[in-house]
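Shown next, in structure tokens, is the structure this report addresses.
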Amino acid sequence: MNDSGGNMGKKQARRPSPERTAQRDPERTRGAILEAATREFADNGMGGARVDAIAERAGTNKRMLYHYFGDKEQLYLKVLEEAYVGIRTAERALHIGDRSPEDGISELALFTWRYFLQHPEFLSLLGTENLHRARWLRQSVRLKELHSHLIGELSQVLEQGKKQGVFIETADPLHVYLTIASLGYFYLSNQYTLSTIFGRDLIEPANLNAWEKHIVHVTLASIKR
């Protein structure tokens, strides 16, 4: 009985510290911290997020967090960048320029809506950053480069549609993207208040499917001849 207890104590004493774990697999530790920070910032915003809570979620300690990311603000900026990298990387894989103009716009609209549905943390981060008037977002050169690609590819699709006589000459790539993003963002960000006010559960599958079709219809209708 005593021996087994002693052996158990020895096993516990050999358990590696967070620092040793980080040294063995730094990429895994960084990834765990980023994932934990994303959840913490999405749940509590920049002001309410706690470094202690992030470290606990990640299974590490504050020392490791500061080692990899500097401080809370730098970690928050990194979380924002990674959130945008995620959606922009997925958008690149669509290759909307390889489709017909109408199909390209439809595919972008569908993708954006479904991405918002699958990544509520992204919408929460957007809301937090807008509360701070993009204070941290403005510091990122990386994000500006990512956005230029999206607008560039969308411009090509619209130009092709104009040459084919499918889209109006005044169709603007930024306006098209804002139409798509705003229709999805407003619906999901205000789902609870809108559901309460209008007495309809907006997150029911039938309502989500109907809104998905509406986004595609409105976006195309705004630019078609």
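The values are calculated or read from the model by the stated rules, or taken from the named source; none is laboratory data. Model, not experiment: these values are computed from the prediction. Positions of Cβ are backbone-derived with ideal geometry, glycine not excepted, and every protein chain shown enters the neighbour counts. The area values use the complete protein model at the heavy-atom level, side chains included, leaving out ligands, DNA and RNA. Shrake-Rupley method; radii C 1.70, N 1.55, O 1.52, S 1.80 Å.
Okay, here's what the table says:
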read-out	value
Residues of the chain: accessible area per residue with a 1.4 Å probe, Å²	59 Å²
The chain: calculated mean residue ellipticity at 222 nm from DSSP helix runs of at least 4, using -39500 (n - 2.57)	-25000 deg cm²/dmol
Share of carbon and sulfur in the accessible heavy-atom surface of the chain [1.4 Å probe, %]	52 percent
Cα long-axis angle, helix 26-48 against the chain (0 to 90 degrees, to the nearest 10)	70 degrees
Simple Cβ-charge dipole of the chain, Lys/Arg +1 and Asp/Glu -1, about Cα centre, in debye nearest 20	720 debye
Heavy-atom SASA rank of 57, 138, 28 (probe 1.4 Å, accessible area, largest first)	28, 138, 57
Tilt relative to the chain, helix 101-118 - C-alpha long axis, 0 to 90 degrees, to 10	30 degrees
Assigned charges on the beta-carbon of Lys, Arg, Asp, Glu; the stretch 69-172 dipole about Cα centre (debye)	300 debye
Anisotropy class of the stretch 68-225 from Cα gyration tensor, a/c 1.5 cut	oblate
Heavy atoms of residue 141 accessible to a 1.4 Å probe, total area in Å² rounded to 10	100 Å²
³J(HN,Hα) computed for each position of the stretch 156-168 - Karplus, 6.51 cos²θ - 1.76 cosθ + 1.60, integer Hz, glycine/proline x	4, 5, 5, 5, 5, x, 5, 5, 7, x, 8, 10, 5
Residue 60 accessible area, assembled protein chains, probe 1.4 Å, Å²	20 Å²
In Å², nearest 10: area of residue 71 left accessible to a 1.4 Å probe	60 Å²
Acute angle (nearest 10 degrees) that the helix 173-189 long axis makes with the longest principal axis of the chain, alpha-carbon atoms	50 degrees
Selected from 179, 106, 128, residue furthest toward positive end of dipole (the stretch 94-225; charges at beta carbon)	128
Rounded Å value of the spacing that divides the Cα centres of the stretch 192-221 and the stretch 28-54	31 Å
Nearby aspartates and glutamates by direct alpha-carbon distance to residue 224 (threshold 16 angstrom, same-chain neighbours under 8 apart not counted)	102, 103, 107, 159, 169, 172
